[in-house]
C-alpha cells in the first residue's frame, strides 16, 4: 500500500492536517515591531556639485552594466577573469547558499513533518514480567498467540507527525523572517563585493596604463637625449663645444635613465597587482589595450539624488536587511513569553497477527496535544528580549553610518571630479607652454644666443609637465570609476532589459554622454 492511498484511507489524519492548516491561517500574525526606515541626516542635494555638460544617458550608474561602462576589450577580459576566479567571491556565493539553506530549514518549521512508519516488534518477556491472560484462555492458546517459545510479536504501520508547534504568536514566522533577511543580506553583500572587484581591477588597470605611458615618455626622452649627447660630444671633440655642456647633457641622460627604470618597476608591480586581483596569471592572448582615457565612452554620470543611494547601493540595502533581521528577532523574543501548543497525531494499523494488519479491526489513531506555559524562566526570556532590542538599536546605528559613509564617498568623488576636470585643462595648457618654451630655448642655444643651461631647464620643466599630465589623466579616469562604484554601479554585467511597446525585453545600446 502506498503512502498516498494510505492517506486517502486515513480520514482522521486528513482532519488533523486540515486543522493544522486552519490554525496556520488563524496564527498569521507576528509580534515583529512595525518597521520604519531610519532617516539619516543627509542633505537633499550633493554639496558643491553641478552636472558637467549635458548627459544624454537616461540611466543612473546602478543601471549601467560594467560591460557598457568599460568598453576597453582588454579590461573587460580582465574583469571577466576576476569575477570567475576571485576566491572572496566564491566564499560569498557559498555564504548565500548557506543562508538560503538556513531559511529553507526555518521555513519548514511552519508545517508538520509527515512521515510513515511501520515494522514488526519481536520480544521475549521474562518469567517475572507478570503477564496476565484473559480469563478462560488456556496457557497453550496464550503461548500460541505470542508464538513458539513465548516470543511476543506485534505489527504496526501508520502515518502522522510529531511535536508540531502551532505558531499562534508568530515565533516561528519571526524566525523565518529573520532567516529570509539574512539570506537577502548575504546576496547584497555579494553584489557589493562584485562592485568592489570590478572597480579595483579597473583602477589598477588605469594605473598600469598611466605607468606604461610614463615609461614610453621616459624611453623617448632618453633616446632623444642620448642623440643630443652624441652630437655634443662630437662637437666637443672638434673643439666646437665646452666640457660643461657635455657634463650637463650626461647628467640629463642619467636622470632620464633613472626615470625609465622607475617606470619599468611600477609597470611590473602594476601587473603583479592585476594578477592578484583577477586571481590568475594574466593571459598572453588578451586584446591590446586602448589608449589611456578611452576605457569608458562616458564622460560623466548623472548623479541623481542622495536618497537614491538607499535603494541603489548594495551595501546600504544589505545593512537594511540586517536591520530587518534584528527586527524579526524581537518578534521571536516576544513570542517566547506566551504558551506553546504542540501536536502529535498518527493514523495507522496494529495487530498481533500480520494477516490481520490491513483489516478494519486493526485501525488505530492517536492525537496528543501538549501545552507548554512558561512560568519561571529566571529572566531568560526577558534577557533574550533585551538582547534583541539592543541588537536592533545597534543595527540602526550601523545602517545610518553606512548611509552617511556612502553619502560622503559620492560627495567626495563628485567634488574631485570637478577639480580633476579643471586640473586637466590647466595641465594641457601647461604642457603646451612648457613645450613651446623648450622649443624656443633649444633654438636660441643652436643659434648661439643663449647657454645650454636654459635649454636644460626648459626640457626638465617640459618633462615634468608631461609626467604631471599623465598623473592627472590617470586620476581623472580613476575618479570616474570611483563615482560609478560609489553610486552603486558595476554589480551587473549588462543593463536591465527595457520594455518595448510590444512588451518584448530589449537590451538598450550604450549612449555617449557629452
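I'd like to check something: does the stretch 385-397 contain any residue that is more than 30 Å from residue 175 (Cβ to Cβ), assigned by TED's automatic domain parsing to the domain that holds residue 483 and either touching a strand residue (DSSP E or B) at 6+ places or on another chain (Cβ under 7 Å) or surrounded by 12 or more Cβ atoms within 10 Å (Cβ to Cβ) (or both)?
No, the stretch 385-397 contains no residue that is more than 30 Å from residue 175 (Cβ to Cβ), assigned by TED's automatic domain parsing to the domain that holds residue 483 and either touching a strand residue (DSSP E or B) at 6+ places or on another chain (Cβ under 7 Å) or surrounded by 12 or more Cβ atoms within 10 Å (Cβ to Cβ) (or both).
Just give me the residues in the stretch 356-366 being free of Cβ contacts under 8 Å to residues at least 12 places away in the same chain and within 17 Å of residue 152 (Cβ to Cβ), in sequence order.
356
Check whether at least one residue in the stretch 275-294 is at pLDDT below 85, part of a helix (DSSP H, G or I) and surrounded by fewer than 19 Cβ atoms within 10 Å (Cβ to Cβ), and report yes or no.
No, because not a single residue in the stretch 275-294 is at pLDDT below 85, part of a helix (DSSP H, G or I) and surrounded by fewer than 19 Cβ atoms within 10 Å (Cβ to Cβ).
So, residue 245, is that one part of a helix (DSSP H, G or I), within 24 Å of residue 223 (Cβ to Cβ) and either without any contact (Cβ under 8 Å) to a residue 40 or more places away in the chain or not assigned by TED's automatic domain parsing to the domain that holds residue 72 (or both) or not? Can you show your working first?
Working: part of a helix (DSSP H, G or I): yes; within 24 Å of residue 223 (Cβ to Cβ): yes; either without any contact (Cβ under 8 Å) to a residue 40 or more places away in the chain or not assigned by TED's automatic domain parsing to the domain that holds residue 72 (or both): no.
For residue 245, the condition - part of a helix (DSSP H, G or I), within 24 Å of residue 223 (Cβ to Cβ) and either without any contact (Cβ under 8 Å) to a residue 40 or more places away in the chain or not assigned by TED's automatic domain parsing to the domain that holds residue 72 (or both) - is not met.
Residue 448 - would you say it is part of a loop (DSSP other than H, G, I, E, B) and within 20 Å of residue 70 (Cα to Cα)?
No: the conditions fail for residue 448.
Being in contact with a strand residue (DSSP E or B) (Cβ under 7 Å, 6 or more places away or on another chain) and free of Cβ contacts under 8 Å to residues at least 60 places away in the same chain is the requirement here; does residue 311 meet it?
Answer is no for this residue.
If we keep just the residues of the stretch 473-514 that are under 30 Å from residue 427 (Cβ atoms) and surrounded by fewer than 17 Cβ atoms within 10 Å (Cβ to Cβ), which is modelled with the lowest pLDDT?
514
Report whether or not residue 287 is closer than 21 Å to residue 204 by Cβ and over 25 Å from the mean Cα position of the chain (by Cα). Walk me through it before giving the result.
Working: closer than 21 Å to residue 204 by Cβ: yes; over 25 Å from the mean Cα position of the chain (by Cα): yes.
So residue 287 fits the description; yes.
The values are calculated or read from the model by the stated rules, or taken from the named source; none is laboratory data. All values derive from a computational prediction rather than experimental measurement. Here the Cβ is made from the backbone with ideal geometry for all residues, glycine too, and neighbour counts use every protein chain on show.
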